[in-house]
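Below is one structure, written out as C-alpha cells; comments come after it.
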Amino acid sequence: MSDIGRPGKIIAVHLNYRSRAAQRGRAPAQPSYFFKPSSSVADSGSELERPAGTELLAFEGEIALIIGRPTRRV
C-alpha cells in the first residue's frame, strides 16, 4: 500500500455528479452513502486481478478526504 497504508473505513457517496445520475436515469433528492472494503483500494500502477465469475468490472478515479485521527460528526 502507499505511504498512508490501508484505510480502516471507506465511505462513498452514490450518484454524486449529474452525468452519472443521468446515466442511471435518476437524481436522488438526498445523497446516499455506502461502504467500500479497504481491499478495493489499489496503488497507482499496481496489477488488478479480475475475480472469477465477475461479469462487470469497472474502475474509476476517486478523490479522497483522509482523516488521520478518530472523529465524530465530521
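The values are calculated or read from the model by the stated rules, or taken from the named source; none is laboratory data. Since this is a predicted model, take the numbers as computed values, not measurements. In case anyone asks, the SASA skips ligands and DNA or RNA and just uses the protein heavy atoms, side chains included. Shrake-Rupley method; radii C 1.70, N 1.55, O 1.52, S 1.80 Å.
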Next on the checklist: If N is the number of residues in the stretch 1-65, what value comes out of its Cα radius of gyration divided by 2.2 N^0.38 Å?
Outcome noted: 1.32
Next on the checklist: Not counting ligands, DNA or RNA, and with a 1.4 Å probe, what is LYS36's accessible surface area in Å² rounded to the nearest 10?
Outcome noted: 70 Å²
Next on the checklist: Give me the extension gain from ARG20 to ARG69: residue separation times 0.36 nm, minus the current Cα-Cα distance, reported in nm with one decimal.
Outcome noted: 14.5 nm
